[in-house]
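Shown next, in structure tokens, is the structure this report addresses.
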Amino acid sequence: MSTSGILSRRGLFRTLACGCVAAGLGVRMGVAPALAADPKAKTTLSSDEALARLKTGNEAFVKGASCVVVGGVERIAALAGGQAPFAVVVTCSDSRTSPELLFDASLGELFVVRVAGNTVDQTALGSIEYGVAVLGAPLVLVLGHSGCGAVEAAVKMVTERAEYPGAIATMVEPILPAVLKAQTQPGDLLSNAIATNVRLVLGAIGNGSAMVTEAKKAGKVRLVGGVYDLSSGVVDFQA
Ligand SMILES: [Zn+2]
């Protein structure tokens, strides 16, 4: 039996054992893009399939029916030769927003760019381009979250003229445009700023990267936003 055969059978056992089939998440069976026989092969998932995979993963997380078991030297070794992530996830450093947990994903499945406030500078943009153009990820998700301390700091910088020591101000400044825009919107300023920040970061990726824009035009990648609710565990995806 091939290595991939062994792994896929184990994946099936894992799926059956954890109850995902009973939870209606059987769609994930057989979807193991990071475990391709050729470790350098890219994921075979389309953009829409990748997004669906994130949604079913989040549903499993919320239900307490996560399937992923990360460990095992055979699985680790199988990934040593290469990676084939099906999504790039740009998210906050907040310790409650680990994307692999939120989306029931394993090693090799998500290419993660994390900085407090989920903003994107040139280094992050380069990481996104690498994930899309080199690793072949068909989806980029920018994920904000409720109660984000970085966005809250930006709100206080605008509304209270708060000042921050060290490099924290530098971290907060890219979020300021979202706060200023949110001030013109009805409703809760922090929530609006969090959602607006996601949209602005998506725009910044599109405007800042010709590589991503070309891949998008060619139908090779899709950019989506989302906000994770710390209380419910649910990710609200923005179209
Ligand atoms: Zn945050």
Tally time: how many residues in segment 124-173 are farther than 30 Å from Ala84 by Cβ and of a type in the set (Phe, Trp, Tyr)?
1
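Is it the case that segment 46-55 has a residue that's assigned to a loop (DSSP other than H, G, I, E, B), hydroxyl-bearing (Ser, Thr, Tyr) and farther than 21 Å from Gly203 by Cα? Spell out how you get there, then give the answer.
Looking only at segment 46-55, we keep the residues that are assigned to a loop (DSSP other than H, G, I, E, B), and these are 46.
Now restrict to residues that are hydroxyl-bearing (Ser, Thr, Tyr): 46.
Those still in the list that are farther than 21 Å from Gly203 by Cα too: 46.
Within segment 46-55, one or more residues are assigned to a loop (DSSP other than H, G, I, E, B), hydroxyl-bearing (Ser, Thr, Tyr) and farther than 21 Å from Gly203 by Cα.
Out of all the residues in segment 167-185, is one or more without any contact (Cβ under 8 Å) to a residue 40 or more places away in the chain, open to solvent by less than 30 Å² (accessible area, probe 1.4 Å) and not in a helix (DSSP H, G or I)?
Let us first name the residues in segment 167-185 that are without any contact (Cβ under 8 Å) to a residue 40 or more places away in the chain, namely 167-170, 173, 176-185.
Now drop any that are not open to solvent by less than 30 Å² (accessible area, probe 1.4 Å), which leaves 169, 178-179, 182.
Filter again for not in a helix (DSSP H, G or I), leaving none.
No, that holds for no residue.
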Scan segment 111-158 for residues that are at positive phi and either aliphatic (A, V, I, L, M) or within 14 Å of the ligand (Cβ to nearest atom) (or both) and report the count.
3
Taking Glu49 as the residue in question, decide whether it is at pLDDT below 95 and either among the acidic types (Asp, Glu) or over 13 Å from the mean Cα position of the chain (by Cα) (or both).
no
Return the total of residues in segment 152-166 being assigned to a helix (DSSP H, G or I), open to solvent by 60 Å² or more (accessible area, probe 1.4 Å) and not hydroxyl-bearing (Ser, Thr, Tyr).
2
In segment 205-239, how many are open to solvent by 50 Å² or more (accessible area, probe 1.4 Å), within 17 Å of Leu125 (Cβ to Cβ) and either of a type in the set (Gly, Ala, Ser) or free of Cβ contacts under 8 Å to residues at least 60 places away in the same chain (or both)?
4
Looking only at residues that are open to solvent by 40 Å² or more (accessible area, probe 1.4 Å) and assigned to a loop (DSSP other than H, G, I, E, B) in segment 103-146, which one is modelled with the lowest pLDDT?
Leu107
Could you grab the pairs with beta carbons closer than 8 Å, sequence gap of 6+ or different chains, first residue in segment 112-132 and of a type in the set (Asp, Glu), second one within 14 Å of the ligand (Cβ to nearest atom) and assigned to a helix (DSSP H, G or I)?
Asp121/Pro174
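Might you check whether a residue that is in contact with a strand residue (DSSP E or B) (Cβ under 8 Å, 6 or more places away or on another chain) and either surrounded by fewer than 20 Cβ atoms within 10 Å (Cβ to Cβ) or assigned to a loop (DSSP other than H, G, I, E, B) (or both) occurs anywhere in segment 64-84? First the steps, then the outcome.
The initial filter retains those residues of segment 64-84 that are in contact with a strand residue (DSSP E or B) (Cβ under 8 Å, 6 or more places away or on another chain), namely 83.
When the remaining residues are screened for being either surrounded by fewer than 20 Cβ atoms within 10 Å (Cβ to Cβ) or assigned to a loop (DSSP other than H, G, I, E, B) (or both), the result is 83.
Yes, the conditions are met somewhere in segment 64-84.
The values are calculated or read from the model by the stated rules, or taken from the named source; none is laboratory data. Computed from a predicted model, the values in this text were never measured in an experiment. Neighbour counts are summed over all protein chains in view; Cβ atoms, including those assigned to glycine, are modelled from backbone coordinates with ideal geometry. To get the accessible areas, we keep the full protein, side chains included, count just its heavy atoms, and leave off ligands, DNA and RNA. Shrake-Rupley method; radii C 1.70, N 1.55, O 1.52, S 1.80 Å.
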